[in-house]
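No value in this document is a laboratory result; all are computed from the given coordinates. Everything numeric here is computed off the predicted structure, so don't read it as measured data. Every residue, glycine as well, gets a Cβ built from its backbone with ideal geometry; the counts of neighbours run over all protein chains shown.
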Amino acid sequence: MAANPDRKHLTGMDRFSKAILSSAYIVAFISYQAVFKEQGYLFREVYEGLCLEEDGKTVKRLPQEYHSLTSTIQFDFLTEIILRGTRMFLNIEIQGKTAPGIEKRQFRYFTAMNWYQCDNLSVKEKDLGPVYGIWIFLNPRKALRNTVIKHLVWKTGTGIRSPEREETGGIIDVNLGSPDETDDELLVFANTIFSKNLSWDERNTRLGKLFNIVLNDILYRVEGSMLATLNEDYAEGRYESGMEDGFDLGLEQGRKEALRCRVNDYTETVLSLMEGFGLSLEKVLESVKIPEDIRGEVLSSVASRLNRSE
């Protein structure tokens, strides 16, 4: 079997997606705003249509791997949802950056969801349910920030019994930017959940005020902040995003912005581990390997934040 290019080389992204996407409310809200609201469903229907674990709050995930004859696809998140008697399949992927050729990869995943039903769940082709892939890009190219782009597949035409559009699935790109620069509910929510520039307290304050939810599980905080230091794609995306911002003011400013992003990410990681698990700075530094070129600035930033909180 060929090597799998989709498997995560580092575990940060997968761990983060498992933590965040275990919440039924978060999955329901994202999928409702991205897909099902336009189809006339109510949020309550989407929430109740999810397949949940016994606790009634955690989404029941399908096995994440699909093996074909030539490759293996590793889904970040895959689950079933049943709406008004129709069984559908939902895949959510969290991407650290917009990689070259991402559209082809998206359609491979889209196709794999159909084969997954046949091969893993013994669904006959005539009974295949609609499949939707929601791709959340944490560090999209500047021109795409705060946009939602939909690639929908539907059946329609003339001379057929039902001329109404029958949607059979789609791929939805959710390109993050800033929660303060958009009025779109999906983007405000996703930006707040995944924002790289909000402290934990700011994130929870916004979620409580705008959406009446609080992420009080320390797992969310630790996994979310460690994402930047454990996942190669995310770190690269942060750097590229900072460089692109800075290019508006010149190359040197771009380097400064990229450096600021890296320092901020490691600062959040260190503080989250200290506060979440009661660890000393020395203990945290044993497990978090800060690059030497920014180590001094990260430690200064951590000290400054700690002094302000006293």
**Request:** Please give the per residue volume of the convex hull enclosing the alpha carbon atoms of the stretch 20-68, rounded to a whole number of Å³.
**Result:** 96 Å³
**Message:** As a footprinting exposure proxy, order L259, L210 by other Cβ within 10 Å, with the fewest listed first.
**Reply:** L210, L259
**Estimated inter-spin distance, E282 and R141, nm [label 7 Å along Cα→Cβ]** = 4.9 nm
**Message:** For Cα pairs less than 8 Å apart in space and 6+ apart in sequence, what is the mean separation divided by the residue count of the stretch 14-142, i.e. the relative contact order in percent?
**Reply:** 21 percent
**Asked** Each residue of the stretch 268-273 in turn: what ³J(HN,Hα) in whole Hz from Karplus with 6.51, -1.76, 1.60 and θ = phi - 60°, glycine and Pro shown as x?
**Response** 4, 4, 4, 5, 5, 5
**Fill in**
Scalar couplings 3J(HN,Hα) for the stretch 172-189 by Karplus 6.51 cos²θ - 1.76 cosθ + 1.60 (θ = phi - 60°), nearest whole Hz, x for Gly and Pro, are 10, 8, 10, 9, 6, x, 10, x, 8, 10, 8, 9, 5, 4, 4, 5, 4, 5
**Asked** How large is Rg/Rh for the stretch 12-211, to two decimals, with Cα atoms and a Kirkwood Rh?
**Response** 0.96
